[in-house]
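First up is the structure itself, then whatever we jot down about it.
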Amino acid sequence: FDDLERRCGDREVPRVCHDPGAAGQGWAALQSGQARVTLREHLQTVRSGRGGGSGAPMLFDHAVAEVCPELLEDFVVPRYFAVDYLRTIPKTERQDLCPAPDKFPSLFAQPAGTRCGLHVDQAGTHFYQMLLAGRKRWRIF
């Protein structure tokens, strides 16, 4: 997190939280409307080990190009994932795709113990995730 904070800590980031009571109402039972904070403040919360669990604010699937485009200067897509099939669709036909192909790669930074609800990735996409710190549990049905 040090490099991310050094490069982009002063940028404001949007956050969401998981609301188990919203299951079936919003995608993955995630609710927006959390106060925007600087990336530095958010990473301090993540590092502290406090504030996890249901309802904790998360930076969840937000475009790196919007949060910290400087990271893309050093980012190399692993060769196994180099072909992005969403980008092969003509731009005029992919305008309404959700998620938008231009959103990738995206960034997640969440306190321990956070979660999202059961969901299918939008547009039936399949993607890779690179976990740089902590643990993640996927449940596949």
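The values are calculated or read from the model by the stated rules, or taken from the named source; none is laboratory data. Just so it is clear, the structure is predicted and the values come from calculations on it, not from any experiment. In this analysis, Cβ positions are derived from the backbone assuming ideal geometry, glycine residues included, and neighbour counts consider all displayed protein chains. The area values use the complete protein model at the heavy-atom level, side chains included, leaving out ligands, DNA and RNA. Shrake-Rupley method; radii C 1.70, N 1.55, O 1.52, S 1.80 Å.
I need the full set of residues from region 1-27 which are surrounded by fewer than 18 Cβ atoms within 10 Å (Cβ to Cβ), of a type in the set (A, V, I, L, M, F, W, C) and over 15 Å from LEU107 (Cβ atoms), in order please.
The answer is ALA22, ALA23, TRP27.
I'm trying to understand the selection: among the residues of region 62-80, which are aromatic (Phe, Trp, Tyr) and either assigned to a helix (DSSP H, G or I) or open to solvent by less than 50 Å² (accessible area, probe 1.4 Å) (or both)?
Hit for region 62-80 is TYR80, nothing else.
Looking for whichever is under 22 Å from LYS136 (Cα atoms), open to solvent by less than 30 Å² (accessible area, probe 1.4 Å) and over 14 Å from the mean Cα position of the chain (by Cα) here; the options are GLY49, GLY53. Which one fits?
Being under 22 Å from LYS136 (Cα atoms), open to solvent by less than 30 Å² (accessible area, probe 1.4 Å) and over 14 Å from the mean Cα position of the chain (by Cα) holds for just one of GLY49, GLY53, which is GLY53.
Can you name the number of the only condition in (1) within 16 Å of the chain's Cα centre (by Cα); (2) at pLDDT 75 or above that ASP102 fails?
Condition (2) is where ASP102 drops out.
In region 105-141, how many residues are among the β-branched types (Val, Ile, Thr) and at pLDDT below 70?
1
What number of residues in region 81-90 are part of a helix (DSSP H, G or I) and surrounded by fewer than 16 Cβ atoms within 10 Å (Cβ to Cβ)?
Residues flagged as part of a helix (DSSP H, G or I) and surrounded by fewer than 16 Cβ atoms within 10 Å (Cβ to Cβ) within region 81-90 amount to 4.
Where residues in region 28-40 are surrounded by 14 or more Cβ atoms within 10 Å (Cβ to Cβ) and outside any strand (DSSP E or B), which of them is modelled with the lowest pLDDT?
Looking at residues that are surrounded by 14 or more Cβ atoms within 10 Å (Cβ to Cβ) and outside any strand (DSSP E or B), I get GLN34.
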